[in-house]
Structure formats: structure tokens, C-alpha cells
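**Student:** Got a structure here, written out as C-alpha cells. Questions coming.
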Amino acid sequence: MRGSPMSRRAVHRFRQFARFAVGSVKIKLLLGFCIFFALILLVDRASSFTRWKRHQNFVDPSDSHRKGYTLLINTWKRNDLLKKSISHYAACPRLDSVHIVWSEPDPPSDFLVHYLEDVIQENCKSWQQIQLKFDINKEDSLNNRFKEIEDLKTEVVFSIDDDVIFPCSSVELAFSVWQSAPDTMVGFVPRMHWLDQTMTNVDYYVYGGWWSVWWTGTYSMVLSKAAFFHRKYLEMYTNDMPASIRDYIAHNRNCEDIAMSFLIANATGTPPIWVKGKIFEIGSTGISSLGGHTEKRTQCVNRFVAEFGKMPLVSTSMKVVDSRSSWFW
Ligand SMILES: *[C@@H]1O[C@H](CO)[C@@H](O)[C@H](O)[C@H]1NC(C)=O
């Protein structure tokens with residue numbers, strides 16, 4: 001018996017419905033699998049991401065070969081400049097820690113310490129926590145700035161005065177130059193010396209400031225007011241260099257930077273490296289603007305030559321520039 005057209009249609013409908021229902025179950029199943037796998041993928045990604053983040057965050061503090069540098073900043077009763085400098089450098093990419101050489105009679109105020117901690121926190125762009133430390137000195141001596149630092153976490157310091165600021169791009173360039181030549185002093189402020197030809201019977205040297213460097217294109221020192229150098233030189237300055245040199249510097253309140261240049265040149269037998277950097281002077285009075293500066297520096301050079309028993313400084317005319325910012329080629 002054949003069914004009526006009515007029942008046949010009903011059967012057809014039922015089949016259609018059944019096919020649709022099965023199809024929808026398949027789709028649901030497929031969708032379910034998709035979501036499931038997506039979730040698994042996400043969880044995996046998330047865990048590897050947090051693992052990576054954790055790795056970035058918690059670098060072993062005992063690892064002395066950390067890949068950044070320590071800002072070694074010398075300051076004296078100029079908290080406004082200190083705040084400006086530190087808030088600037090905190091934003092530089094490979095800054096690891098900040099050491100402030102403090103030689104004032106009063107210790108830094110809690111207000112200042114908290115202010116600086118906050119400013120570092122706010123401005124720092126790296127994953128890593130930047131450490132802030134004050135190196136508090138009892139006596140006020142220029143030698144304080146090169147004291148050995150026991151708990152230094154990086155191999156290199158970026159020694160800087162509180163009244164000059166260099167853009168992070170310049171600091172980065174100098175840091176990468178230093179990484180290529182880790183025994184060498186790498187800095188932004190070149191100075192020179194030359195042998196005074198009018199003195200025939202003795203070797204008498206003359207200290208040359210910025211204009212001499214500009215005129216001759218030659219230099220033999222970079223000043224520690226803005227330079228990278230290896231931490232071992234701090235130790236050598238404090239422990240190995242003749243105490244008479246440190247005494248002379250403390251007494252004359254000058255030339256600690258020349259002594260550091262002598263020390264490094266004596267140890268390496270090579271010149272320092274001058275890196276071109278944009279300087280912003282934020283303080284107005286420095287000792288270099290006082291009269292009689294060059295004569296005093298010349299005396300220091302000759303005194304140190306006598307102490308070292310030779311002239312260790314080596315002259316060069318090499319200058320490092322960022323090739324991206326040089327105008328032609
Ligand atoms: C200069 O270097 C020599 C050789 O490395 C070393 O023996 C001497 O002590 C150094 N002089 C000073 C004053 O550091």
C-alpha cells in the first residue's frame with residue numbers, strides 16, 4: 001500500500017529534519033572542538049608568555065654579568081638637578097641600577113629618597129626593577145666618586161655629573177661601543193694634552209680643553225663627567241693607584257677625572273673612545289667656568305706624569321658617530 005501524497009511529504013519533511021538535526025550536531029561538535037583547541041592553544045601561549053615574563057623580571061641578582069649598566073652619579077647640594085637627571089635616565093632602555101655618590105654632611109632626606117624611587121618607577125620602561133642606592137660618604141672628597149662599590153650588579157658604570165644630560169640614544173650608542181671594547185673608557189667629553197715644545201730640558205705637558213680638541217681634532221682623555229668604564233677601574237683607583245695621587249686630588253679639589261684617564265691609559269696602553277653625543281647642560285656653574293682652570297689642570301697632568309713615571313696617555317683622532325644620524329653616508 002502506498003502512502004498518500006500527504007504522508008509521503010511528511011516522511012520527506014522528517015528526513016529533511018533528521019538530516020538537518022544530524023548536521024547541526026556535527027556543526028556543534030566541530031564548533032566544540034574548535035573552542036576546545038583554541039582554549040588549549042591560549043593556555044599554552046599564556047603560560048609560555050608568563051614564563052618569559054617571569055624570566056625577564058627575575059634575573060638572578062647574584063649574576064654579575066647583567067647586561068645593563070649602572071648610572072654612577074656624582075652630586076653635591078643640587079637636588080633639583082639630581083631629580084631632573086634621574087628622571088631622565090630612568091627612561092633609558094638598558095639602565096640597570098642607579099648609584100648616587102653622596103658626600104654632603106647630612107644624609108639624603110626621606111622625601112628625596114621617596115621622590116627618586118617614585119620617579120624611577122614612573123619613568124622606567126623596562127621589565128626590570130631599577131635599583132636605587134645612595135653611597136653615603138663621611139668626608140667630602142673628590143675621590144668618593146671612584147670608590148669601589150661592593151654590591152655593584154653590572155660590569156660597567158656610566159659615570160655622570162648631575163649637571164649634564166645626554167639623550168638615551170647617545171647613551172645607548174656609547175654603551176654599545178663600550179661593549180665592543182670593555183677595557184676602554186668610552187665617553188662624550190674629550191680633552192687632550194700636548195708636549196710643550198718651548199721647554200727643551202724637561203718634558204712639560206699642557207692640558208688642552210674643548211677648543212684645543214676642536215682645533216686639532218685630537219684627544220687623549222674623555223672626562224668622567226660622562227663616560228662608561230669597567231668596574232675594575234674603581235677598585236684600581238681606590239686600592240692600587242698611589243695614595244699620593246688621591247691625596248693630591250683631595251687637597252686640590254680637582255683632577256680626579258684626569259687621574260682616572262691616566263689609570264686606564266696606563267692599564268691598557270690605548271686611547272679612550274670619544275662618542276658623539278648631544279649634551280644638555282642643566283646646571284649653570286661648574287668648576288670649568290672658573291678662572292685658572294687650565295693652569296690647574298696642567299699642573300695635575302705634570303704631577304701625575306711624575307707619579308706614574310711616564311706619560312701614559314695615548315692620543316687619537318677617532319670619533320664614533322651614529323651612522324643613522326650622519327647627514328651624508
Ligand atoms: C701602570 O701599569 C703598570 C703595568 O701594568 C703597573 O705595574 C703600574 O703599577 C701602573 N702604575 C700606576 C701608577 O698605577
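**Student:** Can you send over the solvent-accessible area of Phe308, 1.4 Å probe, protein chains only, in Å² to the nearest 10?
**Tutor:** 50 Å²
**Student:** Sorted by accessible area (1.4 Å probe), largest first, how do Arg145, Arg324 line up?
**Tutor:** Arg324, Arg145
**Student:** Of Lys77/Lys276; Lys278/Lys310; Lys83/Lys147; Lys84/Lys310; Lys147/Lys319, which pairs sit farther than 32 Å apart, going by alpha carbon to alpha carbon?
**Tutor:** Lys278/Lys310; Lys84/Lys310
**Student:** For the range 191-248, what is the accessible area per residue in Å² when the probe is 1.4 Å?
**Tutor:** I get 51 Å² per residue for this part.
**Student:** Another question, then. Figure the gain on full extension for Trp214 and His293 (residue separation times 0.36 nm, minus the Cα-Cα span) and round it to one decimal in nm.
**Tutor:** 26.6 nm
**Student:** Same structure again: Over the heavy atoms of Leu30, what accessible area does a 1.4 Å probe trace out, to the nearest 10 Å²?
**Tutor:** Leu30 exposes around 120 Å² with every protein chain in place.
**Student:** Provide the gained length on full extension for the span Glu172 to Phe111, in nm with one decimal, where the gain is 0.36 nm per separating residue minus the Cα-Cα distance.
**Tutor:** 18.9 nm
**Student:** So between Ala306 and Lys319, what do we pick up on full extension, going 0.36 nm a residue minus the alpha carbon distance?
**Tutor:** Gain on extension, Ala306 to Lys319, equals 1.7 nm.
**Student:** Could you pull the accessible area for Phe280 with a 1.4 Å probe, rounded to 10 Å²?
**Tutor:** Surface open to solvent at Phe280 totals about 100 Å².
**Student:** For a Förster distance of 35 Å, can you work out the FRET efficiency between the beta-carbons of Asn137 and Lys67, rounded to the nearest 0.05?
**Tutor:** Given R0 = 35 Å and the Cβ-Cβ separation, E is 0.75.
**Student:** Right, another one. Give me the percent of accessible area attributable to carbon and sulfur for the range 64-324, probe 1.4 angstrom.
**Tutor:** 51 percent
**Student:** For the range 115-159 and the range 290-329, what is the separation of their Cα centres, given in Å?
**Tutor:** Computed from Cα coordinates, the inter-centre distance equals 26 Å.
**Student:** In addition: If each of Glu148 and Arg78 carries a label point 7 Å out from its Cα toward its Cβ, how far apart are those two points in nm?
**Tutor:** 3.0 nm
**Student:** For the range 178-322, evaluate the Debye formula with one uniform point scatterer on each Cα (no solvent term) and list log10 I(q)/I(0) at q = 0.09 Å⁻¹, rounded to two decimals.
**Tutor:** -0.26
**Student:** Averaged per residue, what accessible area in Å² does the range 88-147 show with a 1.4 Å probe, protein chains only?
**Tutor:** Accessible surface, normalised per residue, equals 52 Å².
**Student:** Also: Any aspartates and glutamates with Cα under 14 Å of the Lys296 Cα? List them, leaving off those in the same chain fewer than 8 positions away.
**Tutor:** Cross-link targets: Glu256, Asp257.
**Student:** Here's another thing I want to ask about it. Taking square-rooted eigenvalues a ≥ b ≥ c of the alpha carbon gyration tensor, is the range 213-257 rounded, prolate or oblate, where a/c under 1.5 means rounded and, failing that, a/b exceeding b/c means prolate?
**Tutor:** Oblate shape, in that a/c is at least 1.5 and b/c is the bigger or equal ratio.
The values are calculated or read from the model by the stated rules, or taken from the named source; none is laboratory data. Here the structure is a predicted model, which means the values were calculated and not measured. Every residue, glycine as well, gets a Cβ built from its backbone with ideal geometry; the counts of neighbours run over all protein chains shown. Surface areas here come from the heavy atoms of the whole protein model, side chains and all, with no ligands, DNA or RNA. Shrake-Rupley method; radii C 1.70, N 1.55, O 1.52, S 1.80 Å.
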